[in-house]
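Read through the structure below, which is laid out as structure tokens, and then see the notes.
The values are calculated or read from the model by the stated rules, or taken from the named source; none is laboratory data. Nothing here was measured: the structure is a model prediction, and the numbers come from that model. Don't worry about glycine lacking a Cβ; one is built from the backbone with ideal geometry, like all the others, and counts go over all protein chains shown.
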Amino acid sequence: MRGWCTFFILFIAAHVYGVNASVSHAVFKAGDQAYVETSIKIMSRLVVFSPQKENKGFIQASVEILVMIKDGEDIIQYDRSRVNSPLVEVPVDFSYICRLPCQPGDYTIEVEITDLNNVKSSNVNTQEITVNFDNGVNIGGIQMLASFQADDTKSSMVKNGFLMDPIAYNFYNKHFDRLSFYTEVYHTDTEEQPFYLLRYLVQKIKDDGSREDRLVQYKKRQPVEVDPLLFQLDITEIESGDYALNVAVITPKKEIVVENEVVFIRANPEYDYILQVNDMEEPDDDLDFTAELDSAQLVYALKALIPVVNPTDGQVLDIVLSKKDVKAMRLFLFNHFDQNFEGNPKFGYEQYLQVANAVDKKYENGFGHGFESDRGFYFLKYGKPDEIQEVFDDPSAPPYEIWFYNKLVSTGQNNVRFVFYNPDLIENGHRLLHSTARGEWNNPKWEVMLYSNASNEIQGGNPVDATRMQDNWGRQARRLYNDF
């Protein structure tokens, strides 16, 4: 059989802002004709679902999708379609697949999605793609799926007798125990071999870029002109992280003929919990400060850790707290402080709990611990602000606070701001309204939301696009925000 064929597929899962959607592209063949298959999943969160006059009690979203394949400034192929969600009682995600023929070459694919119930909500996603293949053995694109089922209807979502639902952002969360995907293998019948092997390999992508094998399976296949493949892999026992799925055609001697791959993300907190608890070292008796703590104290201390653990550990911590296994709670608490205060974990624990106790008392509001409130959470996460402006007497705004940090060590950012407000006028009921910290909620409309009681004084008079308020007596939030 031949060595490497020159079939290259660029597979992309990209986030579109404005209309919230996941967009991915893959290349397949029909006879001698290649085509680009664009899978789009519209997320329900940022499209408008309108009540239906003829179907009372139901709502529906409608978007216009324009897909263009461009060679420089020239449009090679395009498709413009109106896509409706199902008639539903509550908003749901919905999908669309577009297929456009394409000759070998390098292209730009533009996908514009417009919410027809809110025409100002529109955005364009642009990605590069290369189509390049010979007449030998090839592998088509790899489509990552949320689900599939047998279906004989005529629909863009149906292919080879199966209704295929693309998965958003190639992200498999805790609700998935199978990795589902579709691909096609071409021209294995041109080789003088009685059979060929398919290898499915899942590799974890480590922080340094290296890879570790996690799953591998082989399937024996008969040589054919086109071999459509719909497959599932059990992912119940792979931990959270970034992964690559590699599909390869190999000879009976396990020599790679051609391969293709796609990256995906796995979130599996239940399995992370099992791995972490099993890997945690039993503390030495002379260092084990957790032996002095009862179950209630352990729960309190672990809840106080939530703001400072990384996202993966945070998911594990949620499970530790939900299970309330005393041994697991002791191990998690000890290992956290042992890693950060090696040789003296008790000192680190006592110092941190001293701050957590103070934050708890300062921001207690009757709805949980004070460090579980927004202000308490961010105080523990980023430390004490360099300056706090508290405002209780702004005429058309509820009580609010503006926090200023000269530098956030965790993000490396300078001049960071947080805005909290208390629209319900509950004691210590402040909620995060806006932040310039990387990874936190950045809300350009924070000033308009803060002064929602003066909606007739929006700058420019357009409540949809407005981000600023008109100047008025006593209205000082923007000045305080800018003066830091």
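Consider the stretch 306-322. How many of its residues are over 13 Å from Pro269 (Cα atoms) and without any contact (Cβ under 8 Å) to a residue 40 or more places away in the chain?
Taking the stretch 306-322 as the starting set, the residues that turn out to be over 13 Å from Pro269 (Cα atoms) are 306-309.
Restricting the remaining residues to those that are without any contact (Cβ under 8 Å) to a residue 40 or more places away in the chain gives 309.
The qualifying residues number 1.
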Kindly evaluate Glu390 against the criterion of being in a loop (DSSP other than H, G, I, E, B) and among the acidic types (Asp, Glu).
no
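Which residues, taken from the stretch 414-430, are under 28 Å from the mean Cα position of the chain (by Cα) and surrounded by 15 or more Cβ atoms within 10 Å (Cβ to Cβ)?
Filtering the stretch 414-430 for residues under 28 Å from the mean Cα position of the chain (by Cα) gives 414-421, 430.
If the condition is that a residue be under 28 Å from the mean Cα position of the chain (by Cα) and surrounded by 15 or more Cβ atoms within 10 Å (Cβ to Cβ), then Val416, Arg417, Phe418, Val419, Phe420, Tyr421, His430 are the ones that fit.
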Of residues in the stretch 35-81 being over 20 Å from Pro166 (Cβ atoms) and of a type in the set (A, V, I, L, M, F, W, C), the one modelled with the lowest pLDDT
Val48
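Limited to the stretch 169-202, what total is found for residues that are assigned to a helix (DSSP H, G or I) and within 34 Å of the chain's Cα centre (by Cα)? Write out each step before concluding.
To start, the set of residues in the stretch 169-202 that are assigned to a helix (DSSP H, G or I) comprises 169-170, 188-190.
Remaining after also requiring within 34 Å of the chain's Cα centre (by Cα): 169-170.
Total meeting the criteria: 2.
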Within the stretch 253-348, helices (runs of 4 or more DSSP H) holding 1 or more residues that are among the hydroxyl-bearing types (Ser, Thr, Tyr):
269-279, 295-305, 311-323
Output for the stretch 158-190, where each listed residue is surrounded by fewer than 16 Cβ atoms within 10 Å (Cβ to Cβ) and within 22 Å of Leu215 (Cα to Cα):
Phe171, Asn173, Lys174, His175, Asp177, Arg178
If Glu212 satisfies every condition in (1) under 30 Å from Leu163 (Cα atoms); (2) in a strand (DSSP E or B); (3) of a type in the set (D, E, K, R) but one, which is the exception?
(1)
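Rundown of residues vs (1) among the basic types (Lys, Arg); (2) in contact with a Pro (Cβ under 9 Å, 6 or more places away or on another chain); (3) under 14 Å from Arg375 (Cβ atoms), yes/no style:
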residue	(1), (2), (3)
Lys407	yes, no, no
Ser410	no, no, no
Ile426	no, no, yes
Ser452	no, yes, no
Ser455	no, yes, no
Is it the case, given these coordinates, that Phe377 is in contact with a helix residue (DSSP H, G or I) (Cβ under 6 Å, 6 or more places away or on another chain) and either in a helix (DSSP H, G or I) or surrounded by 14 or more Cβ atoms within 10 Å (Cβ to Cβ) (or both)?
no
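Kindly indicate which of Lys303, Lys361 is closer than 24 Å to His430 by Cα, in contact with a Gly (Cβ under 9 Å, 6 or more places away or on another chain) and either free of Cβ contacts under 8 Å to residues at least 12 places away in the same chain or acidic (Asp, Glu) (or both). Step through it out loud before you land on a result.
Values: Lys303 fails: either free of Cβ contacts under 8 Å to residues at least 12 places away in the same chain or acidic (Asp, Glu) (or both).
Only one candidate qualifies: Lys361.
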Report, ordered by the first and then the second residue, all pairs with beta carbons closer than 9 Å, sequence separation of six or more or different chains, a first member in the stretch 172-184 that is on the phi > 0 side of the Ramachandran plot and outside the structural domain of Ser39 (by TED's automatic domain parsing), and a second member that is of a type in the set (S, T, N, Q) and surrounded by fewer than 21 Cβ atoms within 10 Å (Cβ to Cβ).
none
Search the stretch 232-255 for residues that are outside the structural domain of Val216 (by TED's automatic domain parsing) and pair each with any residue that is aromatic (Phe, Trp, Tyr) when their beta-carbon atoms are under 6 Å apart and the residues are at least 6 apart or on different chains.
none
From Val224, Val249, residue being crowded, with 20+ Cβ neighbours inside 10 Å and aliphatic (A, V, I, L, M)
Val249
Kindly indicate whether any position in the stretch 71-92 is in contact (Cβ under 8 Å) with a residue 60 or more places away in the chain, in the same structural domain as Ser22 (by TED's automatic domain parsing) and exposed (fewer than 13 other Cβ atoms within 10 Å of the Cβ).
no
Considering only residues that are out of contact with any helix residue (DSSP H, G or I) (no Cβ under 9 Å at 6 or more places or on another chain) and either of a type in the set (A, V, I, L, M, F, W, C) or surrounded by 11 or more Cβ atoms within 10 Å (Cβ to Cβ) (or both), which ones fall in the stretch 277-296?
Ala296
Can you say whether Ser156 is under 18 Å from Ser24 (Cα atoms), at pLDDT below 95 and in a loop (DSSP other than H, G, I, E, B), as far as the supplied structure shows?
yes
Among the residues of the stretch 231-253, are any modelled with pLDDT under 90, at negative phi and of a type outside the set (Val, Ile, Thr)?
yes
